[in-house]
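Let me begin by presenting the structure, written as structure tokens, before commenting on it.
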Amino acid sequence: MKTILEQAFHSDDMGVCIKNARGEVLEQNKLCYDVCGDCKGDICDVACMELYAKDESRQWQNWGSRVYNNSFVHNAYYDITLLCGEDHLITFLQPLKEKYKMALSYYKSLDLTKRETEIISLIIQGVSNTDIYEQLSVSKATLKTHLNKIYKKVNDRGLELKYIPSNRLLSR
């Protein structure tokens, strides 16, 4: 029977990369290869390793687990999980493209306006309200109005807000 790690390694929907303590790539599966290129034998210091190196909240150097939700690396969004030990670092890379499509489809069924759809699309991707109103060139008040309309459409149908990143609550 295959271990869970072996199953993940052969999965088409999850990238897996195993590095030694120095950051040298020992193994990478097809999805990881497709995303990052052939890194086997190289010291990796980009993408997930860059996130990890900049993470000032980790309690111990080179030990523990870290999760980086909605991370934009290599021109796409991923949920990235790192499991770190004294000798190895294992990266799990989960592409979010299909999840974003599913989430957007859910919200489109609520008859959102074009602008509301644009806003909810950015929220699903983890973009902050400040970044949203700056990107869309709208005022804070206008964004708040759109968010309230989205809430109302969701509530009027007896539905719930779904597919919003756990680290990103919609604030009215």
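Within the range 118-137, the set of residues being surrounded by 17 or more Cβ atoms within 10 Å (Cβ to Cβ) and either farther than 21 Å from Tyr77 by Cα or of a type in the set (Val, Ile, Thr) (or both) comprises Ile119, Ile120, Ile123, Ile124, Val127, Ile132.
Determine whether the range 94-104 contains at least one residue that is part of a loop (DSSP other than H, G, I, E, B), touching a residue at least 24 places away in the same chain (Cβ under 8 Å) and touching a Gly at 6+ places or on another chain (Cβ under 8 Å). Taking every residue of the range 94-104 in turn, none turns out to be part of a loop (DSSP other than H, G, I, E, B), touching a residue at least 24 places away in the same chain (Cβ under 8 Å) and touching a Gly at 6+ places or on another chain (Cβ under 8 Å). Applying the criterion of at least 1 residues that are within 13 Å of Ile80 (Cα to Cα) and not hydrophobic (A, V, I, L, M, F, W, C) to the helices (runs of 4 or more DSSP H) found wholly in the range 1-68 leaves 48-54.
Determine whether Leu110 is in a loop (DSSP other than H, G, I, E, B), assigned by TED's automatic domain parsing to the domain that holds Val127, closer than 30 Å to Lys152 by Cβ and of a type outside the set (Phe, Trp, Tyr).
Judged against the criteria, Leu110 is a match.
Taking Thr81 as the residue in question, decide whether it is free of Cβ contacts under 8 Å to residues at least 40 places away in the same chain, polar (S, T, N, Q) and either within 30 Å of Leu5 (Cα to Cα) or in contact with a helix residue (DSSP H, G or I) (Cβ under 6 Å, 6 or more places away or on another chain) (or both). In short, yes.
The values are calculated or read from the model by the stated rules, or taken from the named source; none is laboratory data. Not measured: the values here are computed from a predicted model. Don't worry about glycine lacking a Cβ; one is built from the backbone with ideal geometry, like all the others, and counts go over all protein chains shown.
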